[in-house]
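Undergrad: The structure that follows is given in the form of C-alpha cells.
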Amino acid sequence: MLRILFFIGLVFLVGLGFAWLADRPGDMVITFGGYQYQVTLMVAAVVVAAIVVAVMVTWWLLKSIWYSPYTISRYFRVRRRDRGYQALSSGMIAAGAGDAGLARAKKKEAMKLISADQEPLIHLLDAQASLLEGDHDAARRKFEAMLDDPETRLLGLRGLYLEAERLGDRTAARHYAARAAEKAPQLGWAADATLEEKTEAGEWDEALRLVDAQKSTHQIEKDAASRRKAVLLTAKAIEVLESDPAAARAAALEANRVAPDLVPAATVAAKALLRIGDTRKAAKILEAMWKKQPHPEVADVYIHARPGDSTHDRLERAKKLQSLKLNHVESAMAVARAAFEANELAIARREAESAIRLEPREGAYLLLADIEEAETGDQGKIRQYLGKAVRAPRDPAWVADNYVAEKWAPISPVTGRLDAFEWRAPTERLGQLVEFEERQPSPSMMAALPAATLAAAPQPVEEAEPAEPEPPVIDEVQSLPETAAPPAAPTPPASTITVERPAEAASTDSKPQPAPAAPAGQTPLAEKEETVVPPPLPDDPGVNDDDNENAPGESRRFRLF
C-alpha cells in the first residue's frame, strides 16, 4: 500500500513539474560540433525524461541477460524443492496414518529431491518408517545419528527415550531424559522422567529444583506445582524425622502451608512438633486437619500425642476429636477404639454400632467381635460379627495403581508416579466360582460294585424327612441276597453312585416283570437306575423335592437339590 501511494505521489510531482514548465515559456540552445540546436524548454524536458527511461530499460535488459543462467537454475531448484517438500509432507501424513509402505516410498522420493543435511525432517521420516515396519534396531541407529546434529539432538533423545520405555529399560530411559532436561528444561516429558528418577533415589532437593523449574516455565499449573512441592517436602520430612526433627518440622510445616489438605504433611508436622515438645501447635494442626478431612492417622497421632497419658485420658482426647466432627464414621471409630483400649466396653459398643449405622465397614464389625469376646465371650455372636465383616466393604487404605499399602508414600511402587497414593476403599475382586459337576458311573462299573458297598451308602432323605419316610432304595439293596463280589471290584467316584434296582424289588405300583437270568456269582439287575448323591454340607440346608413323591409308575431318587 505504501508503495502504491509513493508511486502516485511521484507521478503527481512529475506532472506538476511539467505543468510548471508549460506555464513558463522559454528556449534552450545547445551548441555542439559547430551546430546550434534550439528547442523549447518543454521539449527539452521530455527528451531528458525519455533518455532516462531508455537508460533504465537498457540496464534492466542487460542485467536480466547477465543473470539469466542463475535465474533459470533457481527456478528449477525451487520447483524441485517444492516437490521434495510435498513428498516429505505426504510421507509424514502416511507415517501418522500407519502406512509404512507409502511413508518409505515418500521418504525415498524426498531424499532424491531434497538433501538430508538441509532438511532434518527426512531423518525423522526415515526413523518413523522403520518403526512402522518393525525394524526397531534401525530406528535406534537413526535416533543415535541425530545426536550429532545440534538441531536434531533433542529429537534423537526423545526417540531413544521412547524406545527404552518400550523395552522396559527405565535406567536408560531416564538417562536420555536427564540429558534432554539439561539441554531444554522446558520439555515436559524430560522433566517428568527426571523427577521420577530423583524421587526414587531420594534426592528431594533436586526434585524440588525441577518442580520450581517446571513452574517457572509454565509447564504445569500453579496448583499442580504446589501439590508436587508439598508431596516432596513431606517425603523429605519423613526421611529426616528421626535424625533431624527441626529440619523435618520446617519441611513439614511448609508442606502443610502449601497443601493444607495433604494428610501426611499434617501428621508428620505434628510428629516433628511433638518431638521438640511443642504439643499445643501439633494439636492445633491436627484439629484443623480433622475438621477438613477426618482420618484415622490424624486420630492416632492426636490421641497418642502424650506418651504418659492413661487410656482414659486418650479416651477423653478421642471424644474431643469427635466433638469437632460429629456424625462422622471416623469420629465414632476413633472413640470406639479408645474406649476399647480403656476397657469401657459399653461406650466402645455404642460407638462401633453408630459407625456401622453411618457407614458399614469391615473394621467396625471386627471391632464389635473383639468387644463381644472381651465382654461376653459368646462365640455365636463373635462368629456372626466375623461373618458380617467378611461381607462388609473394606476399610479405606492408601491405594496407588491398585497397590494397597499400609503407609503413605510419595511415589507409586508400581509405576514410580509422583503423588499416586490416594485414600479410598480398595477395589473388590470376585473370585472365580467353582461349580460341582456330577459324573455318572458307567453300567459296567456298577455291575462290579459290591452289594455291601451299596448297602453302606448314606440315606439323607430319611434324615431330612423323619415324619414321612419314603421307602429308600438302600433298604431294597440291603434286602438282596448275599452274594460273593468279584475280588477286583473298583470303587466308583464319591460324587455320584448309580444303583440298578433288582427285578424282584421293583415298585409295587407297577406289575412286576420277570427278571432275566443273571450269571453265577452276580445279583440280577433291572433296567431302571437310581442315583445316590452324597449328603449335603453341614451348613447347607438343601432343597426338598416332593413334587413327584406319590407319582405312580416313576422311580424314586435320592436328591440333594
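The values are calculated or read from the model by the stated rules, or taken from the named source; none is laboratory data. Keep in mind that what you see is a predicted model, and the values were worked out from it rather than measured. Quick reminder, even Gly has a Cβ in these numbers, built from the backbone with ideal geometry, and neighbours come from all protein chains shown. Just the protein is used for accessible areas: all its heavy atoms, side chains included, with ligands, DNA and RNA removed. Shrake-Rupley method; radii C 1.70, N 1.55, O 1.52, S 1.80 Å.
Undergrad: Starting from the 7 Å offset along Cα-to-Cβ, what nm value, one decimal, do you get for the label separation of S89 and E359?
TA: Using points 7 Å along Cα→Cβ, the separation is 5.8 nm.
Undergrad: Right, here's the next one. Among K281, K183, K325, what's the order by accessible area (1.4 angstrom probe), most exposed first?
TA: Numbers: K281 85, K183 135, K325 65 Å².
Correct descending sequence by accessible area is K183, K281, K325.
Undergrad: Something else about it: Over 31 Å between Cα atoms, which of K107/K183; K106/K215; K198/K271; K198/K325; K284/K407; K142/K222 qualify?
TA: Flagged as over cut-off: K106/K215; K198/K325; K142/K222.
Undergrad: Report the charge-dipole magnitude of the range 273-335 in Debye, nearest 20, computed about the Cα centre from +1 at each Lys and Arg Cβ and -1 at each Asp and Glu Cβ.
TA: Numbers: 12 positive and 8 negative charges, 51 e Å.
Roughly 240 debye, rounded to the nearest 20.
Undergrad: How much accessible area per residue does the range 1-144 have, in Å², with a 1.4 Å probe? Don't skip to the answer; put the middle values down first.
TA: Numbers: 10890 Å² over 144 residues.
Accessible surface, normalised per residue, equals 76 Å².
Undergrad: Arrange the residues I371, I238, I347 by how much accessible surface each exposes, largest first, with a 1.4 angstrom probe.
TA: Working: I371 0, I238 80, I347 30 Å².
The most accessible residue leads, giving I238, I347, I371.
Undergrad: Right, here's the next one. Among the GluC sites (Glu not before Pro) in the range 155-255, which ones are in a DSSP loop with at most 16 other Cβ atoms within 10 Å of the Cβ? Mind listing them?
TA: Listed in order of number, the matching sites are E203, E221, E242.
Undergrad: Count the net charge of all other residues whose Cβ sits under 12 Å from the Cβ of E375, scoring Lys and Arg as +1 and Asp and Glu as -1. Provide the component values of the computation, followed by the final result.
TA: On the way: positive: R349, K381; negative: E344, D370, E372, E373, D378.
Result for the local shell: -3.
Undergrad: Let me ask you something else. Taking H placed 1.01 Å from N in the peptide plane, check which residues at least 5 places from T40 or on another chain put their amide H under 5 Å from its amide H.
TA: Counting only residues 5 or more places away or on other chains, the set is M28.
Undergrad: Once amide H atoms are placed 1.01 Å from N in the peptide plane, what residues at a sequence separation of 5 or more from A397, or on another chain, have their amide H within under 5 Å of its amide H?
TA: It is R424, A425, by chain and number.
Undergrad: What number results when the radius of gyration of the range 151-259, computed over Cα atoms, is divided by 2.2 N^0.38 Å? Before the final figure, lay out each step's value.
TA: Details: Rg = 15.4 Å, N = 109, 2.2 N^0.38 = 13.1 Å.
Here the answer is 1.18, to two decimals.
Undergrad: Where only protein heavy atoms count, and the probe is 1.4 Å, what is the accessible area per residue for the range 216-375 in Å²? Please list the in-between numbers first.
TA: Working: 7630 Å² over 160 residues.
The answer is 48 Å² per residue.
Undergrad: If I ignore ligands, DNA and RNA and count only protein heavy atoms, how much of D223 is accessible to a 1.4 Å probe, in Å² to the nearest 10?
TA: For D223, solvent-accessible area is about 130 Å².
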